[in-house]
Each structure stands twice: as C-alpha cells, then as structure tokens.
C-alpha cells in the first residue's frame, strides 16, 4: 500500500485523468493526515529533480563537500553494526528511475558476512550536507530478535528516533520536524508475527509549511535499534510561502466551482472490490489544486485547467470489435492482433509470453506479451520493450505500451507508406475508429471525455491522447476509463483499460434518494482549503517526463481525516467507506462485549491489529464457535494484514480441496504458500474446528508435525483421562508442551469446538513464542 499514499489530490502519476480522483478517494492519502495545527505540503522525495537532461550529466566528486571517507565514517558511527561490514563499492550518484535531480549523493555498497550467509545493501549520504539520506539494516545483522512484546515503549522508541535524526541529519532543525500522529498505519507494527517495529513519519517544515509527501521516515525496532531511515536527498526549491490569492478568495472560488456527480462506486476491502453502490462523489476538477499565486486550478501536469470536462457519445463505426472465434487464442494469435493495430519497431521481437489472470478481474485470463530489442550494455537495466495484455478468450486488448518503461526517449519511427500527419480533428476521428475496433460495443458503453483546448495534443507535439469513460445504465462508473495515445500518423502508442468489474450485477437501475443539491451541501461542509506546497512532476505521463516544479497551492482537504475514504450513498443517505484495509479496522476500544472476559487482553490485541473486527453492534462475540476457515483467516491476518486481494497473476485453482469460490480460499492459499498446510490436503473450511484439529494445524503451522509423531506416548497425553478419544496424540502433546493448549479437570476434550476467544489466546501465545523456537513462526 505505501506506493499509493499521498495521491489523494495529485492522483495517479501515470495519467492525468479526470476520473482518476475517484480512485484516489479510495486510497490512503497523506494529504488527509495533516494536523489542524499546521498546513501540509505535498512534495515527492526527488523535489530538486532538474529533468532527465540534467540527470544524464555525471556528478563531479571534486564539488563534494563531504568526502567518501567521511561518509563511510559517519555511517559506521551511526550504525555500530557496520563496523563489522566491508565496503564493496562507493560512487557518487543514485540508482533511482527516473534519476533524481540531485546526484551529489555518496552511494555506499556494503557487504556483511554472517557465518555462511552474506548480505548486501546500500546507504546514501548527501555529499554536500553530510546528511544520511537512506539506509536499511537487516535483522540478521543485528543478531537480535525484536518480537512482540517490545522491550521499548512507543515513547521510548520515539525519543531514540529524535536523537538519531539529530545526529544523522544535522541540517534539519528539530523545530522543522512535525510527527504525523494522524498516520496510524505507520505508527507501529502492521502484523503480530515478525519483527516488531515502530515507524515514525515526520513532515518537514518548509518556510513554516509542513509537507505531506516531503517526509522523513524512521523505524525503531522493539529493542530500540534504528533499522530504517529515509529523507529527501535535497531541500528542493520552494517559492515564497506568501500567497497572492487570499484564503477568503480561494475558499469562495472553491465553493463556487465545487460540483458532485452521481456514479456507480466500488467499495474495496483488502484491495478487492466487494460491492458497488450508487453514490455521490466530488467531480475531480472540484478537487484540483488551486495555484496560490495565479488563482487557477491546475492538473497533475501543473497546467491550468481552462475548461470543464464534457462527455460526448461515441459514434458507432463499421469496423467494430469482433471477439475471437476460436475457443482460445494462442500467444502467437494474440500477438498478431496487437500488431494489427500498433506499429511495433521492427527491431523488437516477440520475446515473452505468459498467461495469467487480470489483477482487476479475476475471471479474465490474459496473455502477457513483450517485444524486446537486442540488449546492449546501455539498455541492460531498462531495455527497449513493448508490452501488451490480451484477453485469451476474446482477443480484446486490455493494455498496450509501445514503450514499457515510460520516459525513455523513443526513436522516431519512419512514416507509414502513404501516411500523412493528422490534424487534431482527424486524430479525434481516428481515436473513435480505434476505440470501436478495440472495445466491445464501445458506442453503447463509453463516452469521450472532452477536456477542451489542446489537452489532447501531447506536449512534445508528436501525437495525441484521448480518454473514454465507461458508463452503465446511463451513469458513469467510477475509476473505470480508457486512455489511448497515438502518434501523429494515428498509430497506437499506448492503450490503458482500467477499472474494477462487478457493477454489472446491479441489474435494476437504482433510484437516488438524495438529490444533487443535497449532496453538494453535504460535501461542502466536509472540506477545508489548506495552504501548502505541492510538487508537480517527477514522473512520466503518456511516455513523457514531467519536469518537477514546486508550487504554493490551496488544496481541498477533508476536515476530518476519517472522511478521506467516504462517499455519500445516494440510496441509503449514509456515508460509506470506499476503501477498507485491515489496518483501518483496528477497533479494540469500540468493542462492547469484551470487558471482563477471560480473553479480553488477547481479543483486544487482535482487534488492535485488525485481525478481528467488530460487527454492526460493535460486538466481537468472543464465545462464538469458529470454523477451520476462520482459523486460517485469523492466522493469515496475524502474519500479513494484506494477505487478501493480492495475486501473482496465475489462474486460481483449488488448493487443499478449497475452490476459488470459497470465502476462505485466499486464506487457505496463503497458508499453503507458507507451507503451513499441504496443497494436497483435503480441508473442509466450513466445518467447525475442534481442539484436536487445532492441535494438528498448530503442529503443521510450526513445522513440527514430524517431531510430533514421536510424542504419541508422552506422559502429557497419558495423563489425560480422555486420551483414548484423541486420534493424533503427538500433535496434542506438542501443543500442550508448548503451552498453546491445555487440559481442564484432567481432560483434553479433543472434540470440543474452538471459540474466537480461545483462538485469540492461542494466537497471542504463538506471538509470544517467537524467537524461542528453532523455526521462524508465522512467516
């Protein structure tokens, strides 16, 4: 999830799409975390990037104020463990892509040998200021276990962090660092299993304004060791913090231009769209940044928005999309379909072909194809590669990128035989022809978004871009659009078809119970305008690198950070959360049925870590019996909060007898991937979980199932009066010996069904067992 942060207003870096703000509404946003006592700044880490032309120049070591020897000495002083490490290489410059504008950074490569295992990593030190820029220390190097419960409290760890920052980055004054207490996902360990870390994000004040993206991040483990540190390499160039447009004038303009729209909106949980609603949300242009010097709204390319977006019907054309007639396409046939609509450079040959599932539609199987030129020393890291995704059943092209690694300078392709350059009007007609050919029933499902002016002309003048928005039952579908770019001859450069599926299940057209006027008034009261810095650029849009520029802006910001992920349901009139992650479900204080329960402490911890959640009545129901599938879900969440909603792109197949349609499938798949269970097992996840079955699963989870076979006649088992009823005596003996399960009144009660409270106690005992076994637990 970290790569999606801080994009609530800036939206996605890949495309400047009007409808993409809806997606940003669903994702965690650093912007919304700004404390009311200060304003926030949105500046990416590479704020001083001077563009790719400048990046190509090699840095001059003679200009460095800090020598490489001084940089190495400082690193060893900051991290005593590095005294036992060796330096394998030092050079001036970074490895980021696109390259950072500041290459005056010492890049120190380390080697660390621990027994027969070797570890390699790098550290960055600013060659001008001597500030530590970035490093990460792995746990094997520390030779210490930092498991739950931590030895250091959060307050003690924060004190260690502040002291370290003062030594590591002396150019930053303590008064210019503001801890972002609102960013709860970063304030502690995400999972119960694994190393315990406190993660502290600090906003850096610039001219008295705090930053939402120009952040300093530091992690302290449970033993008080600094394990990770990162800060911007340079301060960047920040304009004056004095706006030419007054806050009153900006607020008036914001309110006057604010609009809401009716959309089909997906509600996400654990990264997947679980259901759709008809809802009101702000139109994206309403949430655009307002330049505090010019008073104009700007897009994420830094350009003034000069016209409101309008939507035009897509005319039907004769050359419409025709699904493949064969039962399934071969990779070669799919490649041929791509080559019919796109001019792939002759030197690029089909080099990769593999099948998998669409990450946005787990029912759609794709061919993933790549065409690559011969590799040279110059292009080894970023080869010249074309990429496409094609539906293997229908032949529909889902994605195409002439240049997979955007930002590289494309070689201008020869003009097609008899080809002439298109005017803007002709390019629009070509886009309509292409969308009819590429998208099924385009004229009935899509509308062309007209941005006005020269928006459709690529900045370098070498092509055009067009955006199509998906509609269903006459209503736009949030986060669902297609953007294509073409060269001046009308040849496809890129084609991106994005959006979740599932809205088709809404067969009956819903009738809104909330009017647009009512929705507008409800939304206006939920936003503030905050003066802040924002960095525009430093990323690629439509294969064009956008030069970074820091601007002083007014940013629409939810008055309550909890509203960042909420939209107004047009039917129920309720505010609903569009994006719910396990970490947002931490609700221990809200549970009403835990006070005084014997397992209150264990259940509360599971709630705090998002392993459990309360129901609509704010109850946990601690004595509710659980199924085997419930157990896998609990143990998976304890290990990785985001285990669900992720896919390696392979076609889902039954695992351990559990089909992909089962609600427990992802948890069981995760367990099989971690080898907690065998993929060949025959599980019944819907069946109630007995104590003996839990003991068997624990032996497998701990990878002690072979050892447990030797404990069948252990005195622990023979001491139970009901031992004859225990089938897997070794697994039970192991669980009892490790203190995970225990008997009662001389009995083990193997067939007794496990409750939530009992499962919570077992999980917390496993958590506290970490570091005391020969096997790694929960990983």
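The values are calculated or read from the model by the stated rules, or taken from the named source; none is laboratory data. Nothing here was measured: the structure is a model prediction, and the numbers come from that model. Glycine also receives a Cβ, built like all others from the backbone with ideal geometry; neighbour counts cover every protein chain displayed.
Tell me, yes or no, whether the stretch 293-309 has at least one residue that is crowded, with 16+ Cβ neighbours inside 10 Å, part of a strand (DSSP E or B), at pLDDT below 85 and under 28 Å from the mean Cα position of the chain (by Cα). No, the stretch 293-309 has no match at all. A residue that is within 42 Å of the chain's Cα centre (by Cα) and crowded, with 21+ Cβ neighbours inside 10 Å occurs nowhere in the stretch 746-753. Of everything in the stretch 617-630 that is in contact with a helix residue (DSSP H, G or I) (Cβ under 9 Å, 6 or more places away or on another chain) and assigned to a loop (DSSP other than H, G, I, E, B), the residue that is farthest from residue 692 (Cα to Cα) is 618. Residues that are within 30 Å of residue 663 (Cβ to Cβ) and either modelled with pLDDT of 90 or more or assigned by TED's automatic domain parsing to the domain that holds residue 103 (or both) do not occur anywhere in the stretch 212-233. Whenever a residue of the stretch 759-770 is in the same structural domain as residue 694 (by TED's automatic domain parsing) and under 17 Å from residue 598 (Cβ atoms), its partners that are modelled with pLDDT under 95 and in a helix (DSSP H, G or I), lying with C-beta atoms within less than 7 angstrom and at least six residues away or across chains, give the pairs 760/606; 763/606; 763/638; 764/605. Scanning the stretch 220-257 for residues that are without any contact (Cβ under 8 Å) to a residue 24 or more places away in the chain and in contact with a helix residue (DSSP H, G or I) (Cβ under 6 Å, 6 or more places away or on another chain) gives no hits.
For the stretch 258-274, the criterion of being outside the structural domain of residue 480 (by TED's automatic domain parsing) and free of Cβ contacts under 8 Å to residues at least 60 places away in the same chain is met by at least one residue.
Is it the case, given these coordinates, that residue 168 is at pLDDT 85 or above and either in contact with a helix residue (DSSP H, G or I) (Cβ under 6 Å, 6 or more places away or on another chain) or surrounded by fewer than 14 Cβ atoms within 10 Å (Cβ to Cβ) (or both)? Taking the combined requirement at face value, the residue satisfies it.
Rundown of residues vs (1) crowded, with 17+ Cβ neighbours inside 10 Å; (2) assigned to a helix (DSSP H, G or I); (3) within 28 Å of the chain's Cα centre (by Cα), yes/no style:
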site	(1), (2), (3)
615	no, no, yes
632	yes, yes, yes
666	yes, yes, yes
676	yes, no, yes
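When the stretch 135-150 is filtered for residues that are surrounded by fewer than 19 Cβ atoms within 10 Å (Cβ to Cβ) and either out of contact with any strand residue (DSSP E or B) (no Cβ under 9 Å at 6 or more places or on another chain) or assigned to a strand (DSSP E or B) (or both), the ones remaining, listed by number, are 136, 145, 149.
Considering the stretch 82-108, and only residues there that are touching a strand residue (DSSP E or B) at 6+ places or on another chain (Cβ under 8 Å), at pLDDT below 90 and farther than 19 Å from residue 130 by Cβ, the residue that is surrounded by the most Cβ atoms within 10 Å (Cβ to Cβ) turns out to be 98.
Among the criteria (1) more than 30 Å from residue 461 (Cα to Cα); (2) surrounded by fewer than 18 Cβ atoms within 10 Å (Cβ to Cβ), the one residue 500 does not fulfil is (2). Residues of the stretch 416-457 that are more than 16 Å from residue 319 (Cα to Cα), out of contact with any strand residue (DSSP E or B) (no Cβ under 8 Å at 6 or more places or on another chain) and in a helix (DSSP H, G or I): 425, 426. Residues of the stretch 517-556 being at pLDDT 80 or above, touching a helix residue (DSSP H, G or I) at 6+ places or on another chain (Cβ under 6 Å) and within 21 Å of residue 301 (Cα to Cα), which ones? Once the filter is applied, which keeps residues that are at pLDDT 80 or above, touching a helix residue (DSSP H, G or I) at 6+ places or on another chain (Cβ under 6 Å) and within 21 Å of residue 301 (Cα to Cα), the stretch 517-556 yields 529, 554, 556. Among the residues of the stretch 713-742, those identified as crowded, with 17+ Cβ neighbours inside 10 Å and in a loop (DSSP other than H, G, I, E, B) are 714, 720, 726, 728, 738, 740, 741.
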